[in-house]
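What follows is one structure encoded as structure tokens, with my remarks underneath.
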Amino acid sequence: MTTTSDSIQALRQLDTQSHLHAYTNAQAHAEQGPLVVVRGHGVEVEDDQGRRYIEGMSGLWCASLGFSHPRLAEAGAQALRTLPYYHTFNHRSNPAVAQLAAKLLALAPVPMARVFFANSGSEANDSAVKMVWYHFNALGQPGKKKIIARQRGYHGVTVASASLTGLPGNHADFDLPLPRMLHVDCPHHWRNALPGESEEAFATRLADALDARIQAEGPDTVAAFIAEPVMGAGGVIVPPATYFEKIQAVLKKHDVLLIADEVICGFGRTGAMWGSQTFGLKPDILTCAKALSSGYVPISAVMVNERIHASLMANSGRLGTFGHGYTYSGHPVACAVALETLQVYEDDHILDRVQALSPRFLAALRHFGERAVVGEARGVGLIGALELAPDKSGKTAFPPAAKAGPRLAQLALEEGLVVRAMGDTIALCPPLIITEAELDELFARLGRAFDRFEAEVA
Ligand code: PLP
């Protein structure tokens, strides 16, 4: 397609008149139209006017290998030529899905027994919820069904996963959350700690509150607790010291399963293969997606440990089938691209790379944290955030009507950088292949956006 200004306009019009956008204010979209992205180059994407942007968010926290990796394109093309589709119902398999399942078990942070495949993080978490319910029914504990999630956790948008998500915008007017889905405190020390409370004391208080909540609900009714090792869409909340250790002690005491949602953290983002390793989680079920294929094709996975697998196996034998699965579970093209992605991580020593770059990334964030308009800078590995606030107390915020976060993200875009505003929190999650020079350039552009923002709010 040629990119004359007429064809650009025509395409934008097609979009505005035909496309109901994901996570977009539909009313505002009708007026402002789309940002049309036409191609990718390494850590950059290019719009329909030829403007290039450093993608500081890897798209939606997923394009870990950037936007033009030739090995992934080739793996996909080859898979499309060989077996473009087959399913995994009724004992059917394909070489890529079997290899990918084995590979994921080998990489798992704790011993896992089987891997189930889906297409998105939401589907993976929905599948995990159904497996938990199935598991306790199989064990003859049909009353043990509640799932505890956290305020500001993000687990997706399907009916069950949106119920687990702890953000008001995902519940309002969708008649969610479902019953059985509960939320406990967000572990954001800077915002939620009491005056003078240490991270450890804060973690103890949250674990005690969880304990009390489980006791109040009745331990026989609580099946699982789901957590992202680092909360992503809720604002990149890095857990306070000792948090997961104390939370897991409570779960163990009440025989409550742990589901680790590694949809963002998985595959190196926090500096280890899994966020569970960085923060000491020992999950019974692990969900992952996004960087599993570097975002190039839709695929997600649910790993279950032997305890869950044994009951799923017994119950599917009793009922005649495990009545759950998607047309595209274990899609051969998606699995081939995911396998190649994992191979590239290994060949290119991606974990070493994240560990080497992380101090530079975190130091730059801290430097931004000294600005008057930044309340807190936080991060781990190559994921971080700058929370805009008028001071550093953790108790104040810019007026919502000022839309400080979206304004800063817009200024960054004008400077050639994509960041994401989640309320007044600016998230950064660059491709793991970013070089030192590109990282410096990212922060230089962000610095110019901040300069302009500060001039506006002064
Ligand atoms: N879990 C986490 C931690 C996520 O960040 C996301 C998406 O951002 C999801 C689940 C949902 O994934 P999807 O959008 O692929 O359904």
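The values are calculated or read from the model by the stated rules, or taken from the named source; none is laboratory data. Please read all numbers here as calculations on a predicted model, not as lab measurements. So basically every Cβ, Gly included, is an ideal-geometry build from the backbone, and we count neighbours across all protein chains shown.
Looking for something farther than 18 Å from Pro283 by Cβ and part of a helix (DSSP H, G or I) - is there at least one such residue anywhere in region 221-243?
Yes: one or more hits.
With the condition being under 30 Å from Arg12 (Cβ atoms), I'd like the helices (runs of 4 or more DSSP H) fully within region 25-128 carrying at least 1 qualifying residues.
In region 25-128, 26-32, 58-61, 70-82 are the helices (runs of 4 or more DSSP H) which contain 1 or more residues that are under 30 Å from Arg12 (Cβ atoms).
Please enumerate the residues belonging to region 83-106 that are within 20 Å of Met273 (Cα to Cα) and not hydrophobic (A, V, I, L, M, F, W, C).
If the condition is that a residue be within 20 Å of Met273 (Cα to Cα) and not hydrophobic (A, V, I, L, M, F, W, C), then Gln99, Lys103 are the ones that fit.
Search region 129-164 for residues being farther than 24 Å from Val236 by Cβ and outside any helix (DSSP H, G or I), and hand back the single one that is nearest to the chain's Cα centre (by Cα).
That would be Lys146.
Just a yes or no: is a residue in region 252-261 buried (at least 24 other Cβ atoms within 10 Å of the Cβ), within 15 Å of the ligand (Cβ to nearest atom) and under 18 Å from Ser294 (Cα atoms)?
Yes, that holds for at least one residue.
So the check is Cβ under 7 Å with 6+ separation or different chains; which pairs have a first residue in region 254-275 that's closer than 18 Å to Glu123 by Cβ and in contact (Cβ under 8 Å) with a residue 24 or more places away in the chain and a second one that's assigned to a strand (DSSP E or B) and polar (S, T, N, Q)?
Ile259/Thr287; Asp261/Thr287; Glu262/Thr287; Val263/Thr287
Output the number of residues of region 420-458 satisfying the condition of being in a strand (DSSP E or B) and either of a type in the set (A, V, I, L, M) or modelled with pLDDT under 95 (or both).
Residues meeting the conditions: 5.
Given the structure, is Gly40 over 22 Å from Pro430 (Cα atoms) and without any contact (Cβ under 8 Å) to a residue 40 or more places away in the chain?
no
Hey, does region 422-430 have a residue that's under 21 Å from Asp352 (Cα atoms), of a type in the set (A, V, I, L, M, F, W, C) and either surrounded by fewer than 18 Cβ atoms within 10 Å (Cβ to Cβ) or in contact with a Phe, Trp or Tyr (Cβ under 6 Å, 6 or more places away or on another chain) (or both)?
Checked region 422-430: at least one residue is under 21 Å from Asp352 (Cα atoms), of a type in the set (A, V, I, L, M, F, W, C) and either surrounded by fewer than 18 Cβ atoms within 10 Å (Cβ to Cβ) or in contact with a Phe, Trp or Tyr (Cβ under 6 Å, 6 or more places away or on another chain) (or both).
Here is a list of conditions, (1) free of Cβ contacts under 8 Å to residues at least 60 places away in the same chain; (2) within 12 Å of the ligand (Cβ to nearest atom), and Ala241 meets all of them except one; can you say which number that is?
Here Ala241 clears every test but (2).
Search region 268-293 for residues being within 21 Å of Tyr326 (Cα to Cα) and assigned to a loop (DSSP other than H, G, I, E, B), and hand back the single one that is farthest from the ligand (Cβ to nearest atom).
Ranking the candidates gives Ser293 first.
Can you say whether Glu306 is within 16 Å of Leu105 (Cα to Cα), among the charged types (D, E, K, R) and within 16 Å of the ligand (Cβ to nearest atom), as far as the supplied structure shows?
No.
Can you tell me which residue among Thr278, Thr242 is surrounded by fewer than 24 Cβ atoms within 10 Å (Cβ to Cβ), within 18 Å of the chain's Cα centre (by Cα) and not aliphatic (A, V, I, L, M)?
Thr278
Are any residues in region 209-231 within 16 Å of the ligand (Cβ to nearest atom) and either among the aromatic types (Phe, Trp, Tyr) or in contact with a Phe, Trp or Tyr (Cβ under 6 Å, 6 or more places away or on another chain) (or both), and if so, which ones?
Phe225, Pro229 - these are the residues of region 209-231 that are within 16 Å of the ligand (Cβ to nearest atom) and either among the aromatic types (Phe, Trp, Tyr) or in contact with a Phe, Trp or Tyr (Cβ under 6 Å, 6 or more places away or on another chain) (or both).
From the residues in region 112-171 that are surrounded by fewer than 18 Cβ atoms within 10 Å (Cβ to Cβ) and under 24 Å from Leu339 (Cβ atoms), which one is farthest from the ligand (Cβ to nearest atom)?
For region 112-171, the residue satisfying everything is Ala113.
Within region 160-202, how many residues are farther than 24 Å from Cys265 by Cβ and of a type in the set (A, V, I, L, M)?
5
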